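The values are calculated or read from the model by the stated rules, or taken from the named source; none is laboratory data. This is a predicted model, so every value here is computed, not measured. Neighbour counts run over all protein chains shown; Cβ positions are idealised from the backbone, glycine included. Keep in mind that these areas ignore ligands, DNA and RNA; they rest on the heavy atoms of the full protein, side chains included. Shrake-Rupley method; radii C 1.70, N 1.55, O 1.52, S 1.80 Å.
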Amino acid sequence: MAMEGYRGFLGLLVSALLVGFLSVIFTLIWVLHYREGLGWDGTALEFNWHPVLMVTGFVFIQGIAIIVYRLPWTWKCSKLLMKSIHAGLHTVATILAVIALVAVFDFHNARNIPNMYSLHSWVGLIAVIFYILQLLLGFFVFLLPWAPLSLRALLIPLHVYSGLLIFGTVIATVLMGVTEKLIFALKDPAYSTFPPEGVFTNTLSLLILLYGALIFWIVTRPQWKRPKEPNSVLLQPNGGAPEGVESSMAMNFGNVDKSDAELNSEAAARKRNFTLDEAGQRSTM
């Protein structure tokens with residue numbers, strides 16, 4: 001199926017990937033060139049893993065996971081495969097975020113710096129907790145075949161909304177963290193004097209903000225949404241649905257839209273008419 005506005009989508013997708021990749025590269029340049037590098041020894045070098053892993057996993061990879069359903073060349077792939085890729089990318093982002101938290105807590109504890117006193121830390125920890133809950137919800141409700149269709153239909157709007165809310169919160173938290181780090185670290189010359197590190201890192205923050213804006217635009221365009229799959233429920237010979245399925249089909253708007261229902265009704269009517277015609281032919285023979 002052809003995507004409406006494919007060229008526009010492709011341009012925005014390439015732009016988003018380029019900006020996201022540049023955000024990761026800029027973060028590495030920041031910590032390697034301006035912040036003395038990376039390490040795992042309780043010093044500031046260990047802390048530097050925090051922005052690198054957060055931008056790489058919690059921003060860049062999470063953004064890709066959000067728009068993976070929008071890629072038109074994957075529309076012929078099974079929904080289960082795309083769900084697995086979606087969940088896998090979010091799992092990688094979660095692992096990187098947790099390691100980033102370990103790095104910053106380990107650094108604070110080694111230097112006797114208080115934990116969890118800033119707004120950045122409060123919002124950031126909340127975002128990680130809700131992200132993990134979102135991942136578990138998606139795994140047990142949408143990926144595994146245990147949850148009833150009615151429950152999936154009920155939770156899918158919440159799942160979509162909370163995913164975008166968490167992503168936006170992560171973007172805001174990263175921007176707060178970058179600003180907080182620059183205020184603490186840049187003393188001579190001061191942050192207010194526009195030193196090269198401050199200008200460079202402010203540019204990094206603008207790239208992260210632009211990446212978030214591009215992801216939000218791509219994922220909220222209805223014309224770029226993955227087409228709904230045809231209904232896989234087989235109708236009974238009398239035109240009805242198997243017992244216990246009819247009510248689930250009514251609630252499962254994620255898989256069956258209005259046009260699918262109309263097509264199924266027409267197919268059932270044709271089947272009934274064919275049965276009646278066949279019976280009439282037998283009665284006249």
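Of the residues Met54, Met82, the single one that is more than 22 Å from Thr169 (Cα to Cα), assigned to a helix (DSSP H, G or I) and open to solvent by less than 30 Å² (accessible area, probe 1.4 Å) is Met82. Answer yes or no: is there a residue in region 107-122 that is part of a loop (DSSP other than H, G, I, E, B), over 24 Å from Thr220 (Cβ atoms), open to solvent by less than 30 Å² (accessible area, probe 1.4 Å) and among the aliphatic types (A, V, I, L, M). No. Given the structure, is Ile218 within 24 Å of Ser78 (Cβ to Cβ), modelled with pLDDT of 95 or more, assigned to a helix (DSSP H, G or I) and open to solvent by less than 60 Å² (accessible area, probe 1.4 Å)? Answer is yes for this residue. The set of residues in region 157-167 being open to solvent by 30 Å² or more (accessible area, probe 1.4 Å) and of a type in the set (A, V, I, L, M) consists of Leu158, Val160, Leu164, Leu165. Considering region 9-56 alone, what residues qualify as being modelled with pLDDT under 95 and out of contact with any Phe, Trp or Tyr (no Cβ under 8 Å at 6 or more places or on another chain)? Of everything in region 9-56, those that are modelled with pLDDT under 95 and out of contact with any Phe, Trp or Tyr (no Cβ under 8 Å at 6 or more places or on another chain) turn out to be Glu36, Asp41. The set of residues from region 125-156 being more than 17 Å from the chain's Cα centre (by Cα) and open to solvent by less than 80 Å² (accessible area, probe 1.4 Å) comprises Leu125, Leu144, Ala147, Pro148, Leu149, Ser150, Leu151, Arg152, Ala153. If the condition is being more than 20 Å from Ile166 (Cβ to Cβ) and either open to solvent by less than 20 Å² (accessible area, probe 1.4 Å) or among the small types (Gly, Ala, Ser) (or both), then region 187-215 contributes Ala190, Ser192, Pro195, Glu197, Gly198, Thr201, Leu204.
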